[in-house]
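Participant: The structure follows.
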Amino acid sequence: MKNVPYTTVIKSLMIVICLSAISIETSARSYFEDIGSDTINVVEYRAKIIDDDSGDPLMFASVGVVASNISTVSNSEGYFVIKVPEEIKNEASIKISYLGYEEKIIKLSTLSENRNKIRLTSISVSLEGINVAPKDADEIMRNVLSRKHLNYMQTPLQVTAFYRETIQRRRSYVSLTEAIVDIYKQPYNNFRYDGVKLYKARKDADYSKMDTLSFKLQGGPYSTLMLDVMKDPYAILSYEDLDYYIFNVDNVTKVKDRIIYVLSFVQKPYVITPLFYGKLYIDAETLAVSSIAYSINISDKEEASAMFIKQKPAGAVVYPTEASYLVKYKQEGDKWMYSYSRGSITFKINWKKKLLSTNYTSTIEMAVTDWKTAEVKPFKANEKIKRNVILHDQVEGFRDDTFWGQYNVIEPEASIESVIKKIKKRLDKR
């Protein structure tokens, strides 16, 4: 039996939860009133991306304005909203891409400003039907690491990103915090931390649904950046950690005209420390990771609880039931760069004096919406938010229609929208 250094795994989890007895707080103005804000000098387009055959929504598909750095992603129900400057609306096109599907380019002028459906066609490539046969999975992984300095951005970037964190009680959303952040993205050839400045943020919560608990997520935008496994590999993509996993070539698919290897991985049976399992999507030509979807082995409830829960109130037994992550990269010229990450943890709370338990889900996600080569030095210490920040505590509940109307954000879930209406009615009665 072999044990992996515990601190190595801890760094890879990225969502740290603090629980305490609830203290009621109120917002000066509700974040939820901001949905549907008027836009200033921008035009907004909405659509749903679905599988052409089944009609199923395609979650976390990439959507970008051609010949620009404006981009967003679809949400877990396939919806996206993208805002473009009014002066380019007649000429601009958007490109929609999703692993295993044909890319589609659509003129914005052909879309209405209301809901549209965009259908993508899946691609299936058999192992026998391609000229580039996949090599041994372990050899592929060693080559992925050896080519990292060639495949990923080696110059610093100034990045604008949209960040969101949510908390659900069962299926109801009880808390949302959103922010536009500036990021000084360090090159992939060093291990310096990325810097984050908070530009604008908003929040709200329905404390009546929180079951006498107050939830706080520690790390904020830094947590999503640390999911960038090619920049901060931790317990998955480093030479030392390859020995802890079994890698297999599961499938070969195509994105546009590029062959993609789909590799599965799982920890070896003799490794006793809870590690990760999931799938890697690797560009066959460059051997760059274009996406990774993974979860953590949480079969040991006590150890998993110690990993995620920083503090909890007396009388509560708390343990995670699922922890999953998604990271996506996009190619810019001959280099790849981080474009999106998401982490989601579902955990159960049992009270010693109560018969029924309650399930909660905490989710963090970040999408790069604009970027350029950095022309300035890294942020000063007094400009950056702290790495252990609890963003919800740093943000006032407020609205700014002029500001939020111009920035691309991730489209809210349909279930969020229904909760927003209920909360707005409650706030209107105060």
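The values are calculated or read from the model by the stated rules, or taken from the named source; none is laboratory data. Quantities reported herein were computed from a predicted structural model and do not represent experimental measurements. As a convention, Cβ positions derive from the backbone with ideal geometry for all residues, glycine included, and neighbour counts pool all protein chains shown. Just the protein is used for accessible areas: all its heavy atoms, side chains included, with ligands, DNA and RNA removed. Shrake-Rupley method; radii C 1.70, N 1.55, O 1.52, S 1.80 Å.
Participant: Identify, among Asn248, Pro320, Gln267, the residue whose Cα sits farthest towards the positive end of the charge dipole of region 234-339, taking +1 on the Cβ of Lys and Arg and -1 on the Cβ of Asp and Glu, with the dipole about the Cα centre.
Facilitator: Pro320
Participant: Moving to a separate point now. Give the residue list of GluC sites (Glu not before Pro) in region 259-347 that are DSSP loop and have at most 14 other beta-carbon atoms within 10 angstrom.
Facilitator: Glu285
Participant: Here is a further query. Taking the radius of gyration and the Kirkwood hydrodynamic radius from Cα positions alone, what is the Rg/Rh ratio for region 260-329, to two decimal places?
Facilitator: Radius of gyration over Kirkwood radius for region 260-329 works out to 1.12.
Participant: Where a ≥ b ≥ c are the square roots of the eigenvalues of the C-alpha gyration tensor, would you call region 139-198 rounded, which needs a/c under 1.5, or, failing that, prolate if a/b is larger than b/c, or oblate?
Facilitator: oblate
Participant: Moving on to the next point. Please compute the net charge surrounding Pro320, taking Lys and Arg as +1 and Asp and Glu as -1 over other residues with Cβ under 10 Å from its Cβ. Don't skip to the answer; put the middle values down first.
Facilitator: Working: positive: Lys301, Lys348; negative: Glu322.
Overall, the nearby charge balance is +1.
Participant: Taking a probe of 1.4 angstrom, what is the accessible area of Val376 in Å², to the nearest 10?
Facilitator: In the full protein context, Val376 sits at about 80 Å².
Participant: If you count only protein heavy atoms with a 1.4 Å probe, what accessible area per residue comes out for region 246-347, rounded to a whole Å²?
Facilitator: Averaged over the residues of region 246-347, the accessible area is 39 Å².
Participant: Moving to a separate point now. On a 1.4 Å probe surface of the protein chains, which of Thr373, Thr224, Thr110, Thr361 comes out largest in accessible area, and what is the full order?
Facilitator: Largest accessible area first, the residues go Thr110, Thr373, Thr361, Thr224.
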